[in-house]
Structure formats: C-alpha cells, structure tokens
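Have a look at the structure below before the remarks.
The values are calculated or read from the model by the stated rules, or taken from the named source; none is laboratory data. Just so it is clear, the model here is predicted, and its values are computed rather than measured. So basically every Cβ, Gly included, is an ideal-geometry build from the backbone, and we count neighbours across all protein chains shown.
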C-alpha cells in the first residue's frame, strides 16, 4: 500500500469563461461556499491575510466553525488557468489525520464555457493512511462536490 498523498478530485462545467470563473472563485469569500456538512465544519472567516489572493506566498488563517484553524498559503497562480495552495498547522481533529493538504483549482476553456476541476490532496500522518483513504476522503468528496457547486453558481451569477 502506498503511503503517499491521497487526492480527491471533483469537477464541473461552468457557464462562464475560464477567465471569469477563476476571477470569481480564487478570491471568493470562503464562508459562502464552505458551509459545513456532517462532521466537516464550515468556514466562519479568515484572519491575518498577508497579501492579495493572486500573489503566491500570501498566507491567511482559516477559521472554522468548530473553533479550529488552519494556515493556508497560496503556492501558485496563473490567471485564467489555475491556482494552488497548501493547508497546514491544523488545530482541530485534522491535525491527528494529516500533516498538510495541497489544493489545486484548474480552469479549462470548453467553448464559451469552462471546466473547473478541484483536487484536494491529503498527506496523511504515519499510520493514518487507511483512515484518511476510507473515511476522511469519501466524506470530503461529498463536501467538495457541494462546495464546488456553490463556487460555480457564484461564478455564473457574476457573469450575468
């Protein structure tokens, strides 16, 4: 069994250009799309943001509804194509499961529309691989699917 990262990928078509979709989704207010699901907390805000969310190296603290936090760093940004980030320093239950998470959103032109793909790659702590793969990842897939749908709606509403 591999002890590497565990990716979860969701994707959806968006009735806007890749450019518009990314311009809306990259800096989106996280509280509007991460609304919680079952044991997975909602995002209640961010604090200590060090720069704009289109500049690699910018960091912020993500504040969750269960009182926990995580540090997020934007690691890559190519306008109208993709952005990447890393989540680490979890203070809640996730700190027992994962060392970090790498995220990537990609935006691909599909005619007048776009395809939006989001990959969330868990890096399990030693001895936690099976728990992340068979419990956390399936829960996250459902949460990510709903979160992506909210992000797509926001991008489509912006283009009207």
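Some notes on this structure:
- Per-region count, the range 67-81, residues more than 21 Å from residue 124 (Cα to Cα) and free of Cβ contacts under 8 Å to residues at least 40 places away in the same chain: 3
Yes or no, residue by residue, for (1) at pLDDT 95 or above; (2) within 14 Å of residue 151 (Cβ to Cβ); (3) surrounded by 14 or more Cβ atoms within 10 Å (Cβ to Cβ):
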| residue | (1), (2), (3) |
| --- | --- |
| 24 | yes, yes, yes |
| 65 | yes, no, yes |
| 68 | yes, no, yes |
| 83 | yes, yes, yes |
| 105 | yes, yes, yes |
| 121 | yes, no, yes |
| 126 | yes, no, no |
| 129 | yes, no, yes |
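- Members of the range 102-116 that are part of a loop (DSSP other than H, G, I, E, B) and either under 18 Å from the mean Cα position of the chain (by Cα) or touching a residue at least 60 places away in the same chain (Cβ under 8 Å) (or both): 112
- Any chance residue 99 is surrounded by fewer than 17 Cβ atoms within 10 Å (Cβ to Cβ), at positive phi and either touching a residue at least 24 places away in the same chain (Cβ under 8 Å) or not in a strand (DSSP E or B) (or both): no
- Answer from 120, 143 - the residue that is in a helix (DSSP H, G or I) and within 11 Å of the chain's Cα centre (by Cα): 143
- Only one of 150, 142, 117, 79 that is within 22 Å of residue 13 (Cα to Cα) and at pLDDT below 95: 79
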